[in-house]
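As structure tokens, the structure follows; a few thoughts come after it.
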Amino acid sequence: MGLRLGLPKGSLQQSTFELLARAGYQCSVGSRSYYPTMDDPDMEPVLMRAQEIPRYVAAGALDVGLSGLDWVIETGADVIEVCDLVYSKVSRQAARWVVAVAQDSAIKSPKDLQGKRIATEVVNVTRRYLAEKGVEADVEFSWGATEVKVPEMVDAIVEITETGSSLAANNLRILDTVLETNTKVIASKAAWADAWKRQKIDTLAMLLQGALLGMQKVGLKMNVARADLHKIIGLIPALRQPTISALTNEDWVAVETVLDEREARELIPELRRAGAEGIVEYPLNKVIP
């Protein structure tokens, strides 16, 4: 029997498949199927709602899964949290569950939620948040389209957002952050105790983390005169130290480094002005620190 892997179906499915591909796992699935094919014969992937994955991992029906911290907390699943994967359906940042009210609502602070009605998918997370604030309110489960329920049906909602734009478009105002959440690799205790499965899970987690880091980094290669080397190295950030290689011309060396993609735009002109030549920027699939 292989490693039973739960993958999120729905909004995270496409970005998860893309991340797996960058990590080296080719995964595909038919439009009506819940059982993807993967080019690792030891993997047995299944698609299901992210909300359900922690529960099935905790029960041992799945060995490992990708789901959010929010659903681990909401379900109270007793699982091993192997690593964080900070990505979402549209960005590479954590998402937030927030309390939102109508723009013209008289509710100005969490204390004003006392005695109010709140709709959300994360009932347990919301109740825990209210208890921490010393507030008692009526929290009801929402099956979706939660934004339209304010203010006629409920006084407030707790909804997930990445940018807040959807809430603003529905004339809602964010009152407070309930929980920051991101995708995690989670494992069952039984799988974690099995040496073979644990190694497979560790490998999967390492490659997925490396793929995410690779999305944020680029490589730079350049030729540098030895006389300018100290000046060039002073400009270059690196994971550790840049790699320096000899060239056939003894007066020149090749310098190679890895840096944040956003830094390259401003660094490249500086390097050129400092004497670097033949500068090449290239994308990275994975970066394993």
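The values are calculated or read from the model by the stated rules, or taken from the named source; none is laboratory data. Only a predicted model underlies this, so the values are computations on that prediction, with no experimental measurement involved. Neighbour counts run over all protein chains shown; Cβ positions are idealised from the backbone, glycine included.
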Task: Residues that are in contact with a helix residue (DSSP H, G or I) (Cβ under 8 Å, 6 or more places away or on another chain) and in a loop (DSSP other than H, G, I, E, B), drawn from segment 135-155 - done: V135, E136, A137, S142, D155
Open item on the list: Residues that are at pLDDT 95 or above and in contact with a helix residue (DSSP H, G or I) (Cβ under 8 Å, 6 or more places away or on another chain): list the strands (runs of 3 or more DSSP E) wholly contained in segment 215-272 that include at least 2 such residues.
Closed with: 217-225, 252-260
TODO: Look at R32 and say whether it is in a strand (DSSP E or B) and out of contact with any Lys or Arg (no Cβ under 7 Å at 6 or more places or on another chain).
DONE: no
TODO: Sort out which residues of segment 107-129 are surrounded by 18 or more Cβ atoms within 10 Å (Cβ to Cβ), under 19 Å from T75 (Cα atoms), out of contact with any Asp or Glu (no Cβ under 7 Å at 6 or more places or on another chain) and not β-branched (V, I, T), and write them in order of number.
DONE: E121, Y129
- [ ] Looking only at segment 186-210, count how many residues are outside any strand (DSSP E or B) and touching a strand residue (DSSP E or B) at 6+ places or on another chain (Cβ under 9 Å).
- [x] 15
Open item on the list: I need every pair where a residue in segment 96-119 that is assigned by TED's automatic domain parsing to the domain that holds I174 has its Cβ under 8 Å from the Cβ of a residue that is among the polar types (S, T, N, Q) and in a loop (DSSP other than H, G, I, E, B), sequence separation at least 6 or different chains.
Closed with: A102/N171; Q103/N171; A119/S142
Task: Failed condition for I174, given (1) in contact with a Ser or Thr (Cβ under 9 Å, 6 or more places away or on another chain); (2) crowded, with 17+ Cβ neighbours inside 10 Å; (3) in contact (Cβ under 8 Å) with a residue 24 or more places away in the chain - done: (2)
Open item on the list: Can you tell me which residue is nearest to G144 (Cα to Cα) among those in segment 1-29 that are part of a strand (DSSP E or B), in contact (Cβ under 8 Å) with a residue 24 or more places away in the chain and in contact with a helix residue (DSSP H, G or I) (Cβ under 7 Å, 6 or more places away or on another chain)?
Closed with: P8
- [ ] Exactly one condition in (1) over 20 Å from G210 (Cβ atoms); (2) out of contact with any strand residue (DSSP E or B) (no Cβ under 8 Å at 6 or more places or on another chain) is not met by D40; state its number.
- [x] (1)
Open item on the list: Exactly one of these conditions fails for S142: (1) hydroxyl-bearing (S, T, Y); (2) under 20 Å from G68 (Cβ atoms); (3) touching a residue at least 40 places away in the same chain (Cβ under 8 Å). Give me its number.
Closed with: (3)
TODO: Kindly indicate whether any position in segment 11-23 is out of contact with any strand residue (DSSP E or B) (no Cβ under 8 Å at 6 or more places or on another chain) and under 27 Å from V154 (Cβ atoms).
DONE: yes
